[in-house]
Structures are given as C-alpha cells and as structure tokens.
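Notes follow the structure.
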Amino acid sequence: MESRHKVVGIDVGFGFTKYMWLAAGERATDLFPSLVAPEPTSELPGFDLVSTGPRSATAKITVIVGKGAKSRRFVVGKSVVNELPTDHAHRTLNSHYAGSDDYSALLRGAITAIGATQIDHLVLGLPLTTFATKAATLQERFAGKHEHLVPLAGGTQYVCHVGKVTVLPQPVAAFLYHSANNKPDGEAANRSGLTLVIDIGYLTLDWVVTDGRQPIASRSSASNNGMSTICDAVCKSLAAELDLEFSFGLRKDVEQAIGRRTFTIAIRGKATNFEKHARPGEAMAEANLDALVKRSVTTLADISRVVITGGGAQFYVPVAKKYFGDIVSTSADAQYDIVRGLYTFGELLQNRQG
C-alpha cells in the first residue's frame, strides 16, 4: 500500500529516536529508545497482557542495513530493552554515530514505524559537535531508494523512496519550533536582546545564541556533557549504596525518573527514592551551564531569553532558573522540540515553494 508523505522529520538522538509525520491530516509524534540489537534467532510470541491482543506494532521493528552478503538484520523499537539480552542491546556514544549502521537502523526503524513508501522531503538533525563534518554525508546517504525495510506486520521487504534530505543543527531546529509556535506576550514580548537556546541531549549539550532568527556562530557551540554523564553518576552512587548491578532496564527506569524529576523507581519490588543521589547531578548541571557561558556565550548581559530544550530539560530547568533567573522557559514536551522544529522547517519550505 502506497503511503506518501510530503515532509517527515526524524531526530536520531543518542538517547531516543523521535519522528514526526502527518497522520490523517494531523501532526503526529512518537519515539523509541536509540537501542540497537541483532535480530534474535528465536523468541516467544509477544502479547499485551492487559488487552490480551497482539503486542504494539512499534514494540519491535526489524530493519536491514547493507546489501547482499554484507547486509545485517537489526531490531529496534519501544520494547527492545525488555525483550533482548542486555549484553546485546547497546547505544553508540561517539562522534562517528551518524555514519554507523546503528544510526541507519534507527532511522529506517522510524521510517518503518511511520509506514512511509515515499518521502518527498526528509529533515534530519545533528548536534553541533558533528554538524560540519557529517551533514553533507547524511544528505547523500539517505536520499534515494531504501530497499531493505521490513513491514511491521512481517512479510516481504518493501521500498521507500526519499527525495530531498536536509540536515539542521539540533538546537537551531529547537529554536525554530519555539519561535514559530510560542509567541511571547506581555513583558517577554517587550524584551530586546538575544536568545540563548540550550539543548540537553543524551550525549551532547548544545547551545546556540540567536539574534531574532539568526544564529550567532561565534557564541554557539557544544560539549559531550549531556544527560548520560549525570545518569552515570546517579546510577553509580545508587548502585554502591544498594549493592546493585545495573541492567539496561533498571538504568532506563533511572533515566526516565531523572528526566521527570520524580526520583522514584521500583527496586526489588519496592518504591525507592533516590533524590539524594541526584543532588550531585544538579551540581554537575550547574557546572555545565557555567562552562558553556564561559566557553562561548561570554556574557549574559545581552541575553534576554533562555530556552531549555531536549530530553533533559525538566531536570535542568530548576537549575537553570537559579543560574539565569526568571528569563528561562521550556515546553511541556521538550524532548520533541527538535523533531518538531525539523518538521516545521520542512513544512515552511514546502509552503514557500507552493
């Protein structure tokens, strides 16, 4: 069945893969963890024990990367961390990520989840740390025919044709979403000055200073101080106290609790509060903010707005408000800000071209 999409936005992050498309005339978003595993040779059939029906279609997605004898089958999706041995599921956390088979598997998993057979304009995002070196490669690599997609319901492989591919810096995409959809009012509308956008990713922490909608490159940069470093510190502290060896599943619970600032997870069947273990993480977050200001923002005197975005936004916002004051804002679902900005860019370009 043909499924054409004029615009699709996909943000293959180090922590989660987010995607946005048009479904039944409405914008839709979804995500799954950026975990990749080889396809298992055997498995038990999966069922939703609440509805007694089949497992969610996007729980486990099989994709094929490469051609012929060099092709490899991978599994991605919402439940990979729960269904596969923890030593098989992994994240790729390095500067070569965008050129890896893992990245291709995750991107193709998102295309499969959408069910697209044709995408006129695919818009992707990259951290500032790799944008200059990887953007052109991504544009060339993912335009054209994708022949190795496996339908969610199983069966034969299908083809998706991708026309144009555009790559944007992730914090710029987040700012585009905020500027297009969150019009300031009252006091905020009367503020002159610049905007500082801070994207709290899983591996990287990116920031961009903008004058209106124009990024200022000399004051924008990135570092590998994303939420993974904070989660590592919290998990190690908690594991030492409770004599635990953290599995992917337990780490996932900790990461989600930190992201929501609830600081409570179930350990050995008991609700366990680990807020005291998160306090050093807040100190790390404050140090990261101080470092980015000193590294390239240089001064806060002309900064009138600070926008916190990305998967770590909820954890960072209270820290940022202490550091920057009442000029800090965020969105309710900041994890989707980048992919919404990617989609918005594609849509704006489409409207201009008629």
Check: Within the range 252-268, how many residues are farther than 21 Å from Ile200 by Cα and part of a loop (DSSP other than H, G, I, E, B)?
Finding: 1
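For the range 56-94, which positions are small (Gly, Ala, Ser) and modelled with pLDDT of 85 or more?
Applying the first criterion (small (Gly, Ala, Ser)) to the range 56-94 yields 56-57, 59, 66, 68-69, 71, 77, 79, 89.
Gly77, the sole residue that qualifies.
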Checklist line | Residue list for the range 224-254, filter: buried (at least 17 other Cβ atoms within 10 Å of the Cβ), touching a residue at least 60 places away in the same chain (Cβ under 8 Å) and under 14 Å from Met284 (Cα atoms) | finding: Asn225, Gly226, Met227, Ser228, Ile230
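Please give the helices (runs of 4 or more DSSP H) falling wholly within the range 269-354 in which 2 or more residues are under 25 Å from the mean Cα position of the chain (by Cα) and outside the structural domain of Gly226 (by TED's automatic domain parsing). Steps first, please.
Values: elements: 275-292, 313-324, 337-352.
Where helices (runs of 4 or more DSSP H) fall fully within the range 269-354 and carry at least 2 residues being under 25 Å from the mean Cα position of the chain (by Cα) and outside the structural domain of Gly226 (by TED's automatic domain parsing), they are 337-352.
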Item checked: Subset of the range 255-314 (residues that are at positive phi and among the β-branched types (Val, Ile, Thr)) -> Thr298
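The values are calculated or read from the model by the stated rules, or taken from the named source; none is laboratory data. Just so you know, these numbers come straight off a predicted model, no measurement behind them. Positions of Cβ are backbone-derived with ideal geometry, glycine not excepted, and every protein chain shown enters the neighbour counts.
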